[in-house]
Amino acid sequence: MRRSWAGFPQGKPLVMGILNVTPDSFSDGGQNNDPVGAGLAMVEAGADLIDIGGESTRPGAVDLPVDEEIARIRAVIAALARAGVAISVDTRNAETMRVALGEGARIINDVSGFAYDPQALRVVAEAGCPVVVMHMRGRPATMNALAVYDDLVADVRRELTARVDDALQAGVAAAAICIDPGLGFAKNAAQDAELLRRLPELQIGDHPVLIGASRKRFVGALSGEAVAAHRVGGSVAAALWAVAHGADILRVHDVAQTVQAIRVWRGLGGLM
């Protein structure tokens, strides 16, 4: 039974559709010529919420000026919010968070765990909004070099716990916090697979767990598929594994396929 978070009723795992309004994301950069239509299509396909990002955080990506990030996503957030879509915004920048929440976003998803911008925790605490606190080291441009751990699972859990504690101390409500171990962020493919295998060990308190395995490098390594957009089957397999081992929310590119797989998986378990 999925834990309650962000006002969604308990029950089935939540599916978060990825909507990148960027020219350079690792899998789908530059492909959304109609981002509003793409977001609505994901909702029609069964997504519970849409995660909108205007800055690529792929390995090696450089920081984007905040005003450019805002310009990319502002109108998209406003249009989808008017249509009644539950919106999460994928950003590290406090000013982007303020604008996004003002335009109707409900959730802030920060890949840095709210460590990048010193004003970010104050913004979300004052807004009282749900948040996703992710584990990451460094920045996208440097994170691959930081994928060195004494004890992978213990180190990720300890560092993520520290970010959660910082959020709580800043005034973010415990019930508002979802955690994400950050597959692909300062982790190599083998480390991503190990984190998924040992997912129950990463639980922190009663915070819901989000997993973003969709089309990641480890899926390519395990499947032998070099092209990210062709990793749909492997991504769905990873998603079902994650749900079976404690994930509450799945952040995915391929919404229809993931939703169908969850329905069958739950149906076979008598959980319709």
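So the values come out like this:
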{"quantity": "Residue match in the stretch 39-52 (condition: farther than 23 Å from Q260 by Cα and either in contact (Cβ under 8 Å) with a residue 24 or more places away in the chain or of a type in the set (S, T, N, Q) (or both))", "calculated": "no"}
{"quantity": "Filter result (small (G, A, S) and in a strand (DSSP E or B)) within the stretch 32-56", "calculated": "G53"}
{"quantity": "Residues of the stretch 61-73 classified as surrounded by 18 or more Cβ atoms within 10 Å (Cβ to Cβ), closer than 17 Å to L19 by Cα and not β-branched (V, I, T), total", "calculated": "2"}
{"quantity": "Test: residue in the stretch 138-151 that is at pLDDT 95 or above and touching a Leu at 6+ places or on another chain (Cβ under 8 Å)", "calculated": "no"}
{"quantity": "Scan of the stretch 126-138 for residues that are more than 12 Å from I107 (Cα to Cα) and more than 17 Å from the chain's Cα centre (by Cα), ordered by number", "calculated": "E126, G138"}
{"quantity": "Identity of the residue in the stretch 74-91, in a helix (DSSP H, G or I) and of a type in the set (D, E, K, R), that ends up surrounded by the fewest Cβ atoms within 10 Å (Cβ to Cβ)", "calculated": "R82"}
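The values are calculated or read from the model by the stated rules, or taken from the named source; none is laboratory data. Everything numeric here is computed off the predicted structure, so don't read it as measured data. Positions of Cβ are backbone-derived with ideal geometry, glycine not excepted, and every protein chain shown enters the neighbour counts.
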